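Some notes on the structure that comes next.
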């Protein structure tokens with residue numbers, strides 16, 4: 001019988017080179033994941049900002065292939081593999097839970113593997129690639145509350161031993177990236193200060209409405225695809241979940257690698 005899990009996570013995956021570049025400040029955080037969170041999951045459900053569809057979609061495969069959805073990187077990056085088994089039973093369960101919670105349509109993709117928003121962090125977190133992985137898409141045409149409700153629908157998976165991870169970037173403005181070790185841009189600091197305070201205070205509704213509530217929201221996230229995985233992880237932890245900053249670092253003056261856990265309460 002699978003161990004019940006009480007935590008969900010949102011991780012900032014940053015650059016694809018996180019997979020190989022030990023000088024990225026967040027590398028140690030990801031590579032020491034199992035030391036920090038040793039409970040082995042029965043399967044992993046990962047929601048990546050790099051899979052954007054009109055309706056929620058799950059990949060239903062027996063074996064995940066590695067998708068190289070990035071361009072202009074060193075050739076060695078395109079030789080990396082993360083051959084995690086698929087989780088078709090989990091995919092069906094995700095679909096069942098979403099349909100049962102009022103989501104009118106959930107698609108299945110029977111060919112897609114894992115994009116770099118999924119496999120790059122998992123390569124460091126679970127390098128053996130022996131845990132079944134299912135990926136769920138985001139829908140950037142929807143809003144924060146929509147994705148929070150997706151997470152709420154998926155909350156029962158924790159009791160089935162499924163580790164729910166949202167993978168995005170706490171700030172994601174690629175045009176604002178500066179050289180490494182540049183000072184953090186004031187707008188990025190202001191947005192992250194608001195986000196951390198809001199999450200730690202449990203003001204999840206405000207985070208759902210971040211476009212109206214957060215300072216510099218449109219600069220921090222010109223497009224919401226890398227932020228919505230946060231809302232899924234937040235919702236999946238359940239009512240009154242407690243947020244915690246589990247990692248906090250910067251790269252390129254504006255890319256936050258801040259990552260959060262959400263721990264379910266018994267009430």
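The set of residues from the stretch 28-42 being closer than 21 Å to residue 230 by Cβ and surrounded by 15 or more Cβ atoms within 10 Å (Cβ to Cβ) comprises 29, 30, 33, 37, 41. Residue count for the stretch 153-190, restricted to those that are closer than 28 Å to residue 37 by Cα and surrounded by fewer than 17 Cβ atoms within 10 Å (Cβ to Cβ): 4. Looking only at residues of the stretch 119-147 that are in a helix (DSSP H, G or I) and in contact with a strand residue (DSSP E or B) (Cβ under 6 Å, 6 or more places away or on another chain), we find that the one that is surrounded by the most Cβ atoms within 10 Å (Cβ to Cβ) is 119.
Is it true that residue 177 is in contact (Cβ under 8 Å) with a residue 40 or more places away in the chain and within 19 Å of residue 9 (Cβ to Cβ)? Judged against the criteria, residue 177 is not a match.
Residue 77 satisfies every condition listed in (1) crowded, with 22+ Cβ neighbours inside 10 Å; (2) not in a loop (DSSP other than H, G, I, E, B) except (1). When residue 44 is tested against (1) touching a strand residue (DSSP E or B) at 6+ places or on another chain (Cβ under 6 Å); (2) more than 18 Å from residue 174 (Cβ to Cβ); (3) assigned to a loop (DSSP other than H, G, I, E, B), just one condition goes unmet, and that condition is (3). For the stretch 60-67, the criterion of being modelled with pLDDT of 95 or more, assigned to a strand (DSSP E or B), more than 28 Å from residue 223 (Cα to Cα) and in contact with a helix residue (DSSP H, G or I) (Cβ under 9 Å, 6 or more places away or on another chain) is satisfied by no residue at all. Within the stretch 246-267, residues that are without any contact (Cβ under 8 Å) to a residue 60 or more places away in the chain and on the phi < 0 side of the Ramachandran plot sit with their Cβ atoms under 8 Å from residues that are surrounded by 19 or more Cβ atoms within 10 Å (Cβ to Cβ) and outside any strand (DSSP E or B), at 6+ positions apart or across chains, in these pairs: 248/257; 248/258; 265/238; 265/241.
Out of all the residues in the stretch 97-118, which are in a helix (DSSP H, G or I) and either in contact (Cβ under 8 Å) with a residue 60 or more places away in the chain or surrounded by fewer than 13 Cβ atoms within 10 Å (Cβ to Cβ) (or both)? Correct list: 97, 100, 116, 117, 118. Given the structure, is residue 4 modelled with pLDDT under 95 and either closer than 19 Å to residue 229 by Cα or touching a helix residue (DSSP H, G or I) at 6+ places or on another chain (Cβ under 7 Å) (or both)? So residue 4 fits the description; yes. The helices (runs of 4 or more DSSP H) located wholly in the stretch 195-267 that include 1 or more residues which are touching a strand residue (DSSP E or B) at 6+ places or on another chain (Cβ under 9 Å) and surrounded by 15 or more Cβ atoms within 10 Å (Cβ to Cβ) occupy 204-208, 217-220, 228-236.
The number of residues in the stretch 180-204 that are touching a residue at least 40 places away in the same chain (Cβ under 8 Å), within 19 Å of residue 144 (Cα to Cα) and in contact with a helix residue (DSSP H, G or I) (Cβ under 9 Å, 6 or more places away or on another chain) comes to 4.
The values are calculated or read from the model by the stated rules, or taken from the named source; none is laboratory data. Just so it is clear, the structure is predicted and the values come from calculations on it, not from any experiment. Positions of Cβ are generated from backbone atoms using ideal geometry, with glycine treated the same way; all protein chains shown enter the neighbour counts.
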